[in-house]
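Notes for the one structure printed next.
The values are calculated or read from the model by the stated rules, or taken from the named source; none is laboratory data. As the structure is a computational prediction, the values presented were derived from the model and not from experiment. Here the Cβ is made from the backbone with ideal geometry for all residues, glycine too, and neighbour counts use every protein chain on show. When the accessible area is computed, the model is the full protein with side chains, heavy atoms only, and any ligands, DNA or RNA have been set aside. Shrake-Rupley method; radii C 1.70, N 1.55, O 1.52, S 1.80 Å.
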Amino acid sequence: TAIDIGTTAVSLLLIDLTSGAVLARAAEYNGQIARGEDVISRIIYATKNDGRAHLQALVLETINSLLVTACARLQIAPDAIFKTVIAGNSTMIHLLLGIPAESIRLAPFVTAANPSPPLPAQTVGLHAHPQGAVDCLPGVASYVGADITAGVLSSGVDATDALTLFIDIGTNGEIVLGNREWLLTC
């Protein structure tokens with residue numbers, strides 16, 4: 001399974017690990033959006049009372065609902081999923097894993113964990129095979145997350161001689177300019 005946790009929406013692909021073929025797709029608004037439309041609002045919400053646990057539960061509810069939907073399309077059980085790779089901005093990854101995200105918002109603007117270690121699905125709270133591996137891709141910096149890392153690698157910006165501009169027009173909006181010799185991001 002490949003999952004992109006966006007600030008606004010979550011997208012999921014079920015992929016055959018043998019052939020690389022995409023077998024099913026599903027997407028839905030991120031359930032966290034009701035608690036803040038941007039990462040700063042969510043970081044602040046996470047610092048109050050049980051806010052962090054609530055935001056974690058909301059995104060897991062969204063992801064697990066997408067897993068059930070995608071698996072139903074293939075007539076398989078979610079516990080048939082043995083590998084999950086997750087991309088998202090640094091705040092979304094922190095909130096998914098229940099890691100305090102306050103340091104992303106405050107100077108010197110650093111993540112509490114990057115990259116996160118591989119974890120079993122049951123530890124993360126994903127409805128997949130309980131011992132299935134969950135890998136959260138690494139980000140570059142507090143405001144340049146794994147979604148940008150994944151985008152640069154999948155588009156080949158890092159492998160081309162041509163000067164290329166990669167733009168993520170999402171809630172947070174990041175850009176990468178460069179080629180195989182150098183990359184600049186903001």
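Applying 1/(1 + (r/R0)^6) with R0 = 45 Å to the Cβ-Cβ distance of ARG73 and ASP38 gives a FRET efficiency near 0.90. Counting only protein heavy atoms and a probe of 1.4 Å, the accessible surface of segment 95-186 is 63% carbon and sulfur. Mind running the shape call on the chain? Use the C-alpha gyration tensor, a ≥ b ≥ c as the square roots of the eigenvalues: rounded below 1.5 for a/c, prolate if a/b tops b/c, oblate otherwise. Cα axes put the chain in the oblate bin. In this simple spin-label approximation, ALA21 and GLN131 carry label points 7 Å from Cα along the Cα→Cβ vector, and these lie 2.9 nm apart.
Over the chain, accessible surface divided per residue gives 50 Å², non-protein components excluded, 1.4 Å probe. Summarising the overall dimensions of segment 42-132 from its C-alpha atoms, the Rg and Dmax are 14.4, 48 angstrom. In segment 89-186, taking the dipole from charged Cβ atoms about the Cα centre, the farthest positive-side position among THR91, GLY156, LEU137 is held by THR91. Distance from the alpha carbon centroid of segment 1-22 to that of segment 48-67 works out to 18 angstrom.
Order the peptides 11-21, 117-127 from the highest to the lowest mean number of other Cβ atoms within 10 Å of their residues.
Working: 11-21: 13.0, 117-127: 16.4.
Taking the mean over residues of other Cβ atoms within 10 Å, the ranking is 117-127, 11-21.
Report, in debye and to the nearest 20, how large the dipole of the chain comes out about its Cα centre when Lys and Arg carry +1 and Asp and Glu carry -1 on their Cβ.
On the way: 9 positive and 16 negative charges, 72 e Å.
Here the size comes out at about 340 debye.
Net length available on complete extension from ASP161 to ASN49 is 35.3 nm, with 0.36 nm assigned per residue and the Cα-Cα distance removed.
Restriction of the trypsin sites (Lys or Arg not before Pro) in segment 1-95 to DSSP coil positions whose beta-carbon has at most 11 other beta-carbons within 10 angstrom yields LYS48.
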